[in-house]
Amino acid sequence: MFTTLTPFSRARRTALVALLLSLAPFAAHADALDTIAKNGTLRVAVPEDYPPFGSVGADMKPQGYDVDMAALLAKSMNVKLELVPVNSANRIPYLTTNKVDLVISSLGKTPEREKVLDFSTAYAPYFQGVFGPADIKVTGPADLSGKTVGATRGALEEIALSQMAPNATIKRFEDNNATISAFLSGQVQLIAAGNIVAAAILAKNPPRRPEAKFIIKDSPCFVGLNKNEPRLMAKVDDTIAQAKKDGTLNTMSKKWFNQPLPASL
């Protein structure tokens, strides 16, 4: 059985549909800071294989500079912290698919990444470079021709080095532990990594000691946020600014990097 709509009822239905469609964008995009407060939990993507930014301690709990930064932000929002382990390849997809609220994973800023996410102010020092034993003479990208370089797939240094040194043989690994192991075992001659990774390797006093050959990019770390979240961005930036001012970030830098926070940060 069919119901015939009168002109008046058709007009009412048309107006109702138009109203619902006009409200749809607002319903689809809830304010992230309000959502975090409502849920009582801040979900943060952090590394688990990238000390001293993030790793699993002897007590099987996450630890590192990024973990401490996540805890600092959760405290500033007066919510619980939920840590979500990620790697270089999946950390941004976890954010854009709303599996997490923030990415704090030694994340560098690039024009490509800025198309899909927003960045806070810098919270940690970092640079990427090529490192290797003293007996391998390399001073720039041109010297990598014929050399094998290990790099973590999807990491900033892997992407940049692919463009800088097209004649280099880059062996890509799925996580940082595999990349480091490949260097230490001699599977690759050199390693493209962050200065912090090289320092962590040196701390173990291995037979193959990575010395800096050249800098790929000076790239401090930023907190990654989904696009168009101004209130959450302001909260993150305010927390970072206060932590710089009161010395919290300097204390964290000494704790995890064994050096004070650079004045330029």
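The values are calculated or read from the model by the stated rules, or taken from the named source; none is laboratory data. For clarity, every value in this text was computed on a predicted model and none was experimentally measured. Positions of Cβ are backbone-derived with ideal geometry, glycine not excepted, and every protein chain shown enters the neighbour counts.
On the given criteria, is PHE131 touching a Pro at 6+ places or on another chain (Cβ under 6 Å) and touching a residue at least 12 places away in the same chain (Cβ under 8 Å)? Yes. Among the residues of the range 237-256, are any of a type outside the set (Asp, Glu) and within 25 Å of GLU158 (Cβ to Cβ)? Taking every residue of the range 237-256 in turn, at least one turns out to be of a type outside the set (Asp, Glu) and within 25 Å of GLU158 (Cβ to Cβ). Scanning the range 41-62 for residues that are free of Cβ contacts under 8 Å to residues at least 12 places away in the same chain and among the polar types (S, T, N, Q) yields a single hit, SER55.
The strands (runs of 3 or more DSSP E) found wholly in the range 1-118 and carrying at least 3 residues that are modelled with pLDDT of 95 or more and either under 30 Å from LYS217 (Cβ atoms) or of a type outside the set (A, V, I, L, M, F, W, C) (or both) occupy 41-47, 80-86, 102-107. Any idea how many residues of the range 151-197 are within 15 Å of ILE136 (Cβ to Cβ) and not aliphatic (A, V, I, L, M)? Result for the range 151-197: 5.
The residues in the range 216-252 that are within 16 Å of SER106 (Cβ to Cβ), in contact with a Leu (Cβ under 8 Å, 6 or more places away or on another chain) and surrounded by fewer than 19 Cβ atoms within 10 Å (Cβ to Cβ) can be counted, and the count is 2.
On the given criteria, is ASN205 modelled with pLDDT under 90, surrounded by fewer than 18 Cβ atoms within 10 Å (Cβ to Cβ) and either outside the structural domain of GLY108 (by TED's automatic domain parsing) or under 20 Å from PRO52 (Cα atoms) (or both)? Yes. The number of residues in the range 148-184 that are farther than 18 Å from ASN87 by Cβ and surrounded by fewer than 19 Cβ atoms within 10 Å (Cβ to Cβ) comes to 8.
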